[in-house]
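Novice: This is the structure I want to talk about, given as structure tokens.
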Amino acid sequence: MSNIYEELGVNPVINAMGHRTLLGGGTPSPEVRAVMDESEGYYADMGELIDRVGERVAEMLDVEAALITSGCAAALAVGAAAIMTGQDVAKIEQIPDVSGMRHEFIIQKQLRVKYDRSMSIPGGKLVEVGNIEETTADHIEEAIGPNTAAIHYLAPGDRLPGALPIEEVIRIGQAHNIPIIVDAAGEVYPTSLLSDYVKMGADLVAYGAKYFGSVNSSGILTGKRDLILAARMNSFIGFEDSPTRTFARPMKVDRQEVVAVYAALREWLTMNHEDRFAAYENRISAMRKELSGVPHISLRDDPEDGPTVGLKIILDTNALGKTAADVISELRAGTPSIWVRSDSIHPDHASPDDDAFIIGMKALQEGGEKIITDRLKEIL
């Protein structure tokens with residue numbers, strides 16, 4: 001049956017990686033999609049809509065305030081801007097020229113990812129501290145100076161050996177009256193993570209809404225009311241409903257995306273997650289059965305501790321004459337293209353010597369597991 005991808009000559013993807021922007025983010029549930037469709041029946045004052053949805057999100061998460069953004073990266077960008085400019089319109093129009101503003105964001109070397117580039121968009125300067133083995137409190141405190149705007153934290157950094165835990169980072173920030181901005185992009189389960197960081201004392205926390213069932217280009221920024229207001233003033237809506245010329249005009253969201261965040265979060269907070277994990281287990285069991293006779297591989301739950309959300313396939317690379325990178329490449333080259341996760345620190349890119357990959361269930365649509373196991377039996 002013909003579809004839009006065939007019409008365009010685009011190879012469709014079986015997504016066993018997860019909610020990756022590269023693959024289009026998430027797939028909203030029928031209930032979320034229905035709310036989006038309903039919003040198309042009327043136009044709305046986007047300022048009012050964003051404010052009302054932000055209020056509802058803050059209520060659901062029991063935080064001071066929230067702002068809807070076009071993703072976690074946009075939330076980091078307007079959050080960084082808010083910390084530098086406050087609610088000063090002259091400063092808001094001045095950035096990314098940050099002359100006369102505190103503009104340095106302290107960041108642990110171990111917690112560097114390419115997404116932290118978002119904070120430099122409004123003019124922030126990233127000041128790296130520590131080393132690849134560890135970061136100490138002294139490393140951070142020695143980096144604090146007259147231009148320090150905030151301390152950045154990538155959640156869940158406390159899972160990385162040697163990284164300074166968030167509790168200690170917050171303690172340092174509060175002792176020096178320096179805000180903490182947290183990149184918590186995918187930290188949406190347990191659901192308490194959607195409010196834990198703010199309740200621990202973080203000033204701003206950015207999330208990707210696609211991870212709890214919204215659309216790809218959507219996110220939320222939560223935190224202190226005055227900073228959320230400053231972030232709003234710096235955002236695209238601050239440009240549209242005031243004379244202020246803000247830097248973030250390109251980071252707009254439409255009304256369908258705004259209501260999708262609200263509907264998806266409501267659904268995420270009320271769903272039975274035990275049922276969700278049980279459904280994953282059933283599908284993983286089916287894959288185990290299909291792959292049980294394939295030689296030179298072993299199968300493990302992923303992760304090995306906590307709820308299972310994927311199946312790790314470990315290869316005997318010597319016997320197979322193939323590495324995980326080879327298999328991942330072959331899976332992607334087929335039709336439909338199959339994308340699985342590398343087991344390395346960079347899930348998008350397998351290292352040449354990797355011997356394992358992961359079939360993730362979070363974004364894998366029903367029936368996808370059968371296509372994957374059939375292809376693996378051809379390849380292995």
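The values are calculated or read from the model by the stated rules, or taken from the named source; none is laboratory data. Only a predicted model underlies this, so the values are computations on that prediction, with no experimental measurement involved. FYI the Cβ positions are ideal-geometry reconstructions off the backbone, even for glycines, and counts take in every protein chain you see.
Novice: List the helices (runs of 4 or more DSSP H) inside segment 34-113, counting only whole elements, that have at least 3 residues being free of Cβ contacts under 8 Å to residues at least 24 places away in the same chain.
Specialist: 46-61, 89-94
Novice: Condition (residue is in contact with a strand residue (DSSP E or B) (Cβ under 9 Å, 6 or more places away or on another chain), over 18 Å from P336 (Cα atoms) and among the acidic types (D, E)) applied to segment 64-83: is it met by at least one residue?
Specialist: Within segment 64-83, one or more residues are in contact with a strand residue (DSSP E or B) (Cβ under 9 Å, 6 or more places away or on another chain), over 18 Å from P336 (Cα atoms) and among the acidic types (D, E).
Novice: For segment 24-39, give me the residue count where each residue is modelled with pLDDT under 95 and either out of contact with any Lys or Arg (no Cβ under 7 Å at 6 or more places or on another chain) or farther than 23 Å from G310 by Cβ (or both).
Specialist: The number of residues fulfilling the criteria is 2.
Novice: Can you find even one residue in segment 312-332 that is of a type in the set (A, V, I, L, M) and closer than 29 Å to T191 by Cβ?
Specialist: So far as segment 312-332 goes, no, none of its residues is of a type in the set (A, V, I, L, M) and closer than 29 Å to T191 by Cβ.
Conditions (1) under 23 Å from the mean Cα position of the chain (by Cα); (2) free of Cβ contacts under 8 Å to residues at least 60 places away in the same chain; (3) more than 21 Å from G123 (Cα to Cα); (4) surrounded by 14 or more Cβ atoms within 10 Å (Cβ to Cβ), marked per residue:
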site: D138; (1), (2), (3), (4): no, yes, yes, no
site: I144; (1), (2), (3), (4): no, yes, no, yes
site: I151; (1), (2), (3), (4): yes, yes, no, yes
site: E167; (1), (2), (3), (4): yes, yes, yes, no
site: H176; (1), (2), (3), (4): no, yes, yes, no
site: P179; (1), (2), (3), (4): yes, no, no, yes
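Novice: Next up: Identify all residues within segment 221-237 that are in contact with a helix residue (DSSP H, G or I) (Cβ under 6 Å, 6 or more places away or on another chain) and not in a helix (DSSP H, G or I); write none if there are none.
Specialist: L221, T222, G223, S235
Novice: Do the conditions hold for S218, that is, is it of a type in the set (S, T, Y) and under 18 Å from A58 (Cβ atoms)?
Specialist: yes
Novice: Say whether the condition of being among the β-branched types (V, I, T), over 30 Å from E93 (Cβ atoms) and in contact with a Leu (Cβ under 6 Å, 6 or more places away or on another chain) is met by at least one residue in segment 285-294.
Specialist: Yes, segment 285-294 contains at least one residue that is among the β-branched types (V, I, T), over 30 Å from E93 (Cβ atoms) and in contact with a Leu (Cβ under 6 Å, 6 or more places away or on another chain).
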